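Colleague: Please find one structure pasted underneath; my questions will follow.
The values are calculated or read from the model by the stated rules, or taken from the named source; none is laboratory data. Remember, predicted model here, so these are calculated numbers, not experimental data. For neighbour counting, all protein chains shown are included, and Cβ atoms are generated from backbone atoms with ideal geometry for every residue, glycine included. Accessible surface is based on the protein model in full, side chains and every heavy atom, while ligands, DNA and RNA are left aside. Shrake-Rupley method; radii C 1.70, N 1.55, O 1.52, S 1.80 Å.
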Amino acid sequence: KSSGKTFLLSNLIQYYSTKHLCVLIIGPSESSVDLLCNLQTDIVLIIQIKSNGIFMSKNDESADLSQMGYIYATSINNYDDMLFERQTFDILIVDDCERIKMSDLIGPMNSCRKFVFCGDIYQARNDILSIFSFLDIEKNQINFLRTQYSKSREIHSLENSLIYNYST
């Protein structure tokens with residue numbers, strides 16, 4: 001079941017594809033990247049780099065590649081600087097960024113012009129120096145997703161008021 005974050009990322013990927021942008025998606029694990037790629041099956045062509053090979057998420061041979069941006073997806077553990085050294089990406093999307101050390105993101109960030117970091121600041125672990133360690137909520141460097149797509153409005157409102165200290 002998709003959360004608001006997954007729904008948002010899925011739509012961003014589709015949008016960037018229609019704009020012919022070159023996108024790199026990084027997740028903390030293959031399973032998190034698989035989730036995003038599986039939501040794009042038959043919608044957007046994603047080239048997924050896994051530990052056991054390179055896979056295409058869309059099997060439609062009639063797909064017009066000139067009408068799409070190039071979208072690559074991999075886990076942070078499968079990211080290989082040598083594989084991407086000649087590629088410059090327009091956008092880097094990092095899913096569950098609170099689970100990835102900032103030092104591991106230096107390579108992917110160096111190959112991208114702009115960044116989208118998605119995660120839950122309240123799930124950030126103290127033992128991982130993530131991107132959230134460098135951002136300041138007071139300076140509006142973080143935008144909160146305030147719509148939840150997998151819960152009822154009542155439960156979502158209660159969660160927002162108790163945990164995140166705001167209302168929808």
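Colleague: Which members of the range 89-105 meet the condition of being open to solvent by 30 Å² or more (accessible area, probe 1.4 Å) and within 16 Å of the chain's Cα centre (by Cα)?
Modeller: 90, 99, 101, 102, 104
Colleague: If you don't mind, another one. If you go through the range 110-147, how many residues are within 17 Å of residue 9 (Cα to Cα), at pLDDT below 75 and open to solvent by less than 40 Å² (accessible area, probe 1.4 Å)?
Modeller: Qualifying residue count, the range 110-147: 1.
Colleague: OK, next. Quickly run through the range 12-41 and pick out the residues that are not aliphatic (A, V, I, L, M) and not in a loop (DSSP other than H, G, I, E, B).
Modeller: Quick first cut of the range 12-41, residues not aliphatic (A, V, I, L, M) only: 14-20, 22, 27-32, 34, 37-38, 40-41.
Once the filter is applied, which keeps residues that are not aliphatic (A, V, I, L, M) and not in a loop (DSSP other than H, G, I, E, B), the range 12-41 yields 14, 15, 16, 17, 18, 27, 30, 31, 32, 34, 37, 38.
Colleague: Still on this structure: What are the residues in the range 26-47 that are closer than 14 Å to residue 93 by Cα, touching a helix residue (DSSP H, G or I) at 6+ places or on another chain (Cβ under 6 Å) and open to solvent by 10 Å² or more (accessible area, probe 1.4 Å), if any?
Modeller: Hit for the range 26-47 is 28, nothing else.
Colleague: If you don't mind, there's one more thing I want to ask. Among the basic types (Lys, Arg), at pLDDT 65 or above and farther than 21 Å from residue 15 by Cβ, is that true of residue 101?
Modeller: Considered against the rule, which asks whether it is among the basic types (Lys, Arg), at pLDDT 65 or above and farther than 21 Å from residue 15 by Cβ, residue 101 comes out as yes.
Colleague: Of the residues that make up the range 1-11, is at least one farther than 28 Å from residue 125 by Cβ, at pLDDT below 85 and of a type outside the set (Gly, Ala, Ser)?
Modeller: Taking every residue of the range 1-11 in turn, none turns out to be farther than 28 Å from residue 125 by Cβ, at pLDDT below 85 and of a type outside the set (Gly, Ala, Ser).
Colleague: Which pairs have Cβ atoms under 8 Å, sit 6 or more apart or on different chains, and link a residue in the range 4-16 that is of a type in the set (A, V, I, L, M) to one that is part of a helix (DSSP H, G or I)?
Modeller: 9/36; 13/36
Colleague: Looking at (1) in contact with a helix residue (DSSP H, G or I) (Cβ under 7 Å, 6 or more places away or on another chain); (2) modelled with pLDDT under 90, which one does residue 93 not meet, given that it meets all the others?
Modeller: (2)
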